[in-house]
Amino acid sequence: MDPTKPISVSELPAEVLSKMAEIGETINASLDLDEVLSHAAAQIKSLIDYEVFAVALVDENSRELIFRFAIGHRHEVVENWRIPVGQGIIGTAAATGRPVRVGDVRQDSRYLNALDSVQSELAVPLLLQGRVVGVLDIESSQRDYFTRDQQNILAMLATRIASAIENARLFERAKHQADTLLLLNEVARETNTLLDVEGVLRRAAEMVKRVIDYQIFAILLYDEQARVFRHKINVKFGQRIQERSVVAPHEGIVGAAATLRRPVVVPDVSFDPRYISLNAETRSELAIPLLYKNRVIGVMDIESPQLNYFTPDHVQALSILGAHLAVSIENARLYEQVAKDEARMERDLTSARRLQSALLPPVPGKEYGLDIAARVVSSRELCGDLYDFLSHNSGELDIALGDVSGKGSAAALYGAAGVGILRSLSPQRMSPAKVLQKLNQVICERRIEGRFMTMCFMSWNPADRVLRIANAGQEQPLIFQGGKCEKIPLVGFPVGMFDDSTYDEMRFVLSPGDALVLYSDGVTDVQDAAGQFYGWQRLRDKISEHGDSSAAELADFLLADVDEFSGGAHPFDDRTLVVLKVI
């Protein structure tokens, strides 16, 4: 056997293959990254008896490997070491994308001595779609301990581990973003209840610490008469400090953010001539302009002793927070006008709701061989659900129903953009599955973090009564045929989440009297006083009982039943129905 040639899967013993399959199944069973790595460590040890185990992940900003999980390493190594890609045995594996096996680390100049007892080391890159996301490293106190077969086994497992790590990281990031949004909502709610500027700023400093572990936090407000920014709050390591009192509008990183009217991120202040050195420990800085009605009223400035500390997620979170703070600060400054401003905002929201209602597409007539009804019950001033009807010269009709993540004006704007894109795609006459795939690609190009949209899209040909349907994460439609009502088993990822999502499609030949019901989760997720959900089964049963009704009668009956089930409670989510009945 050629010792330089990797073994194939067929050359592995059956018990090893079985164990590898078990490892793959175990690590893919969780979306908790620590749990994934813990399972991987335990399962690998059953195949390769290591003494030290570590997984280091690549920080894309700094191009350094940072320990994410370790067994056997010293605490200070795990906590403090940052290994540049290309340095050390681990860094070499990351740089080359190939395993590195060293029989005697004392004879290898690349070895970084993290533990005196180590004699041999095996580092395997974690590859995902050709990209190194990290390195799996095991070590032993015995010289020449790790074999070529063990290297190959670990390399095979590394691909599965990399995929599991990436899934867990995506979930972890999504959860972090959700937690951040909840925190930002809490900040907005709390600061909006405070009527003094000092209280707003003090609370902001406390809440930002929960989002970003800063060293120095400052908010400077613009003095229009003196035309300078004045420090109103300065916090260092959680303690109030005295700082330089004023900054000119075009001076320093603060002045740059104010002038550009956008966040300014400085990864390394020593290379930025705009930086004003006030703190010897500062290495990176982030300044966020506070904009109110397109006017800079202040700047939020954050400093860190770490290089490349501030990420795009930090920028996005603090930009959202900055928008809230700007409003809160201005409200506190202009308390006498609060009542007037609230009345104006209420008028704006009412106008927006009226405008949104007016923009809802008209329901097509019976020229398509369908009796159609569409209903929307909004939970807020603006609705995040949407539906649309797209007619074609061929006589075919496209129908769409969607639901944007979240509620309110942001969801309404996102949904309006989705409808606009959908209408621009309609003339291309693609199949429903292709329409959703293209819609997803276009939306992903304009990706807005934390936002996505579910959608069910179908095409109806009245000539042969053929309905083609595809689904992107929307509630599965219900079809009524022959006196029975069943769920159409179509699923798919919501649009705006993954660039490469594809969608399945189903085809139905319908007869007069058949009906199709599209609905948003605001219908089925309604709860009664006992906490029971309305559910799709109840919806199905009600459709079966009243399937002979007209589309309008059926839609009105279903919404009335949902309202009765909830005890008349105000909807916590938008409720949307589209009923199609073949005539």
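Any read-out appearing in this document is the output of simple, stated calculations on the displayed coordinates, not a laboratory observation. This structure is a prediction, so every number in the text was calculated from the model and none was measured. Please note: Cβ atoms are built from the backbone with ideal geometry, for glycine as well, and neighbour counts cover all protein chains shown.
When a/c reaches 1.5 or more, the comparison of a/b and b/c decides; with that in mind, is segment 363-582 rounded, prolate or oblate per its Cα gyration tensor? Oblate, since a/c reaches 1.5 and b/c is not below a/b.
Couplings 3J(HN,Hα) for segment 276-281, derived from phi with the Karplus relation 6.51 cos²θ - 1.76 cosθ + 1.60 (θ = phi - 60°), are 9, 6, 10, 9, 5, 8 Hz, where x marks Gly and Pro. Tell me which residues come under 5 Å, amide H to amide H, from residue 119 once H is placed; ignore anything under 5 positions away on its chain. Long-range HN contacts for residue 119: 140, 141, 142.
Once the C-beta distance of residue 230 and residue 76 is scaled by a Förster radius of 45 Å, the resulting FRET efficiency is 0.60 to the nearest 0.05. Note that segment 533-544 has calculated 3J(HN,Hα) couplings of 7, 4, x, 6, 5, 5, 4, 4, 4, 5, 5, 4 Hz, one per residue in order, obtained from phi through the Karplus relation 6.51 cos²θ - 1.76 cosθ + 1.60 (θ = phi - 60°); glycine and proline are x.
Among the GluC sites (Glu not before Pro) in segment 401-500, those placed in a DSSP loop whose Cβ has at most 16 other Cβ atoms within 10 Å are 449. Length available on full extension from residue 544 to residue 147: 0.36 nm per residue minus the Cα-Cα distance, which gives 136.3 nm. For the pair residue 502 and residue 181 in one chain, pulling the backbone fully straight at 0.36 nm per residue adds 112.7 nm over the alpha carbon distance. Work out the FRET efficiency for residue 466 and residue 61 from their Cβ-Cβ distance, taking R0 = 51 Å, and round it to the nearest 0.05. Calculated value: 0.45. Between amide H atoms placed 1.01 Å from N, distances below 5 Å from residue 128 occur with 133, all of them 5 or more places distant or on a separate chain. Read through the labelled values (i) 61, 58, 48; (ii) 84, 79, 49; (iii) 108, 61, 55 and report the label of the one computed as Cα extents along the principal axes in Å from the structure. Only one option fits the structure, namely (ii).
Cβ-Cβ distance of residue 429 and residue 21, R₀ of 41 Å, FRET efficiency by 1/(1 + (r/R0)^6): the value works out to about 0.35. Once the Cα-Cα distance is subtracted from the 0.36 nm per residue extended length, the residue 34 to residue 533 segment shows a gain of 176.3 nm.
Computed from backbone phi with θ = phi - 60° and the Karplus coefficients 6.51, -1.76 and 1.60, the 3J(HN,Hα) list for segment 577-583 is 9, 10, 10, 10, 10, 6, 10 Hz; x is used for glycine and proline.
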